[in-house]
Amino acid sequence: MHNNGEMINVNNISVVYPGGIKALDGVSFKVPEQEIFGLLGPNGAGKTTLIMVLTTLLAPTGGKAQVNGLDVVKDKNRVRLNLGYVSQELAIDDELSGMDNLKLQAGLYHMEKAIRKPRIEEVLDLVGLSERAHDRVDTYSGGMRKRLDIACGLIHRPGILFLDEPTLGLDIQTRHEIWHYINRLREEVKMTILLTTHYMDEADSLCRRIAIIDQGSLKAIDTPDNLKKQLGGGLIIFQFDQAAASSTINQALGSLNEKEFVKEITLKNGEYRLLTDNSEEKLPLFFDALDGLKLNLKKVTLKMPSLDDVFLYYTGRQLRDESVSREQIDRVRSSMRRLRKTR
Amino acid sequence: MTTLVMGLKGAYYIFWREIKRFMGQKMRILMSLVQPVIWLVLMGSMMARLTDNPVTAEMIGIDNYLAFMVPGVMMMSSLYTGVFGGISIIWDRRMGFLIKLLSAPIPRYSIALGKIAALVLQTIFQASVIVLLAFMMGITFVTGLPGIMLTLVICGLFAAIMSCISLFLSASIRTPETLFSVINFLTLPLVFSSSALFPTAAMPDWIQVIARFNPISYAVAPVRSLVISGWDWSTLFTGMWLLLLMFLVFFSLVYYRFEKGSLL
């Protein structure tokens, strides 16, 4: 199997649903092995459609996609053996025990009889469910169910795990619990993970690289830090003590303006805003420049652009802003029409 | 691994899951046992006096209505187990479990095959209970144990046909309510225009024509002969052959629907 170190290779993928709605429009990207890659986008951006293409559930209407070097259309069954898919909905049978859910999964993925038992124990331990393995799933908490779902996705040791909105609808505590286990996967199993989310903090804390997707096309793709830096670094916001003489202030500003790291200083609402490329790293230089001047600072604030700012920049929308767009309404309507037809 | 082996293995694990679920649903098992009791004891006793009348007795062909009715009840129980079986696809879709099955490395028809196999096994279990119950009420098969075995096979085959129909419908129907109404629309006339509960001789001419082509009649006739009259090879042969043919036709439809159409 030749994947050239790339677990995912998506080349100019398009999906047009019947009725002409473009869910994906010429998306291309690659994900190297052992990377945690985040797909970010508002509802209806095309995240789930993209995952459905990569998990062979939906054939693209244009372009090519490979998972672990295998074509998702021509080599469906082998692609499926290579992936674990944890969908948005909890895809576990709550009338069975956790153990039976895992046995079923091991069977459906054609695992050798001899390795099933140790592997089941291994994944149960990994998601911290060993003690509850024999209880019926309908006695589990929401977080436990999600962890079992993830364990099911892992049991056949796939090359890549797809996590579609792994923490959607979970409370904050449970979200952190799921993050903990995803991080554990990264460290202990060293696997490639592609996750979609519309929580910024989730993407920021878990993903090595992020792709921002909106209205079916890719807007940006890079590490969270680089994405933030591309927005133009950060701000050092400071105020002088009221007692400071204006001559000393002018002296200080003059000295700062000479420094190379300073791009611009503006005064706004009595606060000086110093624009630089990386406010955290440049903070010591800022203090050095003021050293020796008899000047007291009242306060200093650092502001780094957040992923929210990045998202806003690329999509023109706040991610947490769940307002429904015209297009989304059309989409919902068309899917309702499809439903009616089949009845 | 060839695709056929993958398909059969997949079907086995789907079957395994359905049986595990069935075993966990104590109430469902209990009801599947109670239902035939109600049919036989209540309906059977209600109608028992029918055969006191020599004319009806002649139409029924035996002076014991219960013996006439046992094959009918077996077939009705097989019918309902099979025909409501497709609902599990609807629930799997709602639970999100269907996505998991569809993204697993098994061909799609194995999902249908596994569910059909599980329904057949449940049907055979229920039919065995009815045989036992009938025995306790004094009804024995004139063809003995081999006749009972063949009866169970016929029940299983009939349930397989009905579950194919149900799965075919459920592949496109999204709510249990819709499935129920479609199925009731289909099955109620089918049951009452068949020879399952009433002798066709007692029906008006036009219903007799329907009854003649009613698949339930073809399943009931061989079983009735196994209970009442003995090894009637021509009835057995015609019935089995037609049931097998129907199964192949309906399974092909399901196969095509599952492999080619969208299930989500």
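Output the residues belonging to region A:58-114 that are more than 7 Å from chain B (Cβ to nearest Cβ) and of a type in the set (Lys, Arg). Across region A:58-114, the qualifying residues are A:64, A:74, A:76, A:78, A:103, A:113. What's the number of the condition residue A:59 fails, among (1) assigned to a loop (DSSP other than H, G, I, E, B); (2) in contact with a helix residue (DSSP H, G or I) (Cβ under 7 Å, 6 or more places away or on another chain); (3) of a type in the set (A, V, I, L, M, F, W, C); (4) surrounded by fewer than 24 Cβ atoms within 10 Å (Cβ to Cβ)? Among (1) assigned to a loop (DSSP other than H, G, I, E, B); (2) in contact with a helix residue (DSSP H, G or I) (Cβ under 7 Å, 6 or more places away or on another chain); (3) of a type in the set (A, V, I, L, M, F, W, C); (4) surrounded by fewer than 24 Cβ atoms within 10 Å (Cβ to Cβ), residue A:59 violates only (2).
Taken over region A:150-204, the criterion of being within 14 Å of chain B (Cβ to nearest Cβ) and basic (Lys, Arg) is satisfied by A:157 alone.
Among residues of region A:83-98 being among the aliphatic types (A, V, I, L, M) and touching a helix residue (DSSP H, G or I) at 6+ places or on another chain (Cβ under 7 Å), the one that is nearest to residue A:68 (Cα to Cα) is A:86. Check whether at least one residue in region A:233-241 is surrounded by 14 or more Cβ atoms within 10 Å (Cβ to Cβ), in contact with a strand residue (DSSP E or B) (Cβ under 6 Å, 6 or more places away or on another chain), among the small types (Gly, Ala, Ser) and at positive phi, and report yes or no. Yes - at least one qualifying residue is present in region A:233-241. Considering B:160, B:219, B:211, which residue is part of a helix (DSSP H, G or I), open to solvent by less than 60 Å² (accessible area, probe 1.4 Å) and farther than 20 Å from residue B:69 by Cβ? Of B:160, B:219, B:211, the one residue that is part of a helix (DSSP H, G or I), open to solvent by less than 60 Å² (accessible area, probe 1.4 Å) and farther than 20 Å from residue B:69 by Cβ is B:160. When each of A:136, A:132 is tested for being surrounded by fewer than 21 Cβ atoms within 10 Å (Cβ to Cβ), touching a residue at least 12 places away in the same chain (Cβ under 8 Å) and within 12 Å of another protein chain (Cβ to nearest Cβ), the lone residue that passes is A:136. Across region B:31-49, not a single residue is classified as within 14 Å of another protein chain (Cβ to nearest Cβ), modelled with pLDDT of 80 or more and open to solvent by less than 70 Å² (accessible area, probe 1.4 Å).
Of everything listed in (1) open to solvent by less than 10 Å² (accessible area, probe 1.4 Å); (2) modelled with pLDDT of 95 or more, the single unmet condition for residue B:127 is (2). Within region B:142-157, the set of residues being open to solvent by 10 Å² or more (accessible area, probe 1.4 Å) and in a helix (DSSP H, G or I) comprises B:144, B:145, B:146, B:148, B:149, B:150, B:152, B:153, B:157. Set side by side, the residues B:65, B:13 differ, and just one is among the aromatic types (Phe, Trp, Tyr), away from every other protein chain (no Cβ under 14 Å) and over 20 Å from the mean Cα position of the chain (by Cα), which is B:65. When the residues of region A:156-210 are narrowed to those that are basic (Lys, Arg) and free of Cβ contacts under 8 Å to residues at least 40 places away in the same chain, which ends up farthest from residue A:44 (Cα to Cα)? This residue is A:157. When each of A:21, A:51 is tested for being in contact (Cβ under 8 Å) with a residue 40 or more places away in the chain, in the same structural domain as residue A:214 (by TED's automatic domain parsing), crowded, with 22+ Cβ neighbours inside 10 Å and not aromatic (Phe, Trp, Tyr), the lone residue that passes is A:51.
Among the residues making up region B:163-182, those that are within 14 Å of chain A (Cβ to nearest Cβ) and assigned to a helix (DSSP H, G or I) are B:168, B:169, B:170, B:176, B:177, B:178, B:179, B:180, B:181, B:182. Only one entry in A:76, A:64, A:30, A:113 is open to solvent by 30 Å² or more (accessible area, probe 1.4 Å), modelled with pLDDT under 90 and either touching a strand residue (DSSP E or B) at 6+ places or on another chain (Cβ under 8 Å) or of a type in the set (Lys, Arg) (or both), namely A:76. Among the residues of region A:197-213, is any open to solvent by 10 Å² or more (accessible area, probe 1.4 Å) and modelled with pLDDT under 80? Taking every residue of region A:197-213 in turn, at least one turns out to be open to solvent by 10 Å² or more (accessible area, probe 1.4 Å) and modelled with pLDDT under 80.
The set of residues in region A:251-306 being free of Cβ contacts under 8 Å to residues at least 40 places away in the same chain and closer than 25 Å to residue A:204 by Cα consists of A:281 alone.
The values are calculated or read from the model by the stated rules, or taken from the named source; none is laboratory data. Please read all numbers here as calculations on a predicted model, not as lab measurements. Positions of Cβ are backbone-derived with ideal geometry, glycine not excepted, and every protein chain shown enters the neighbour counts. Heavy atoms of the whole protein, side chains included, go into the accessibility calculation; ligands, DNA and RNA do not. Shrake-Rupley method; radii C 1.70, N 1.55, O 1.52, S 1.80 Å.
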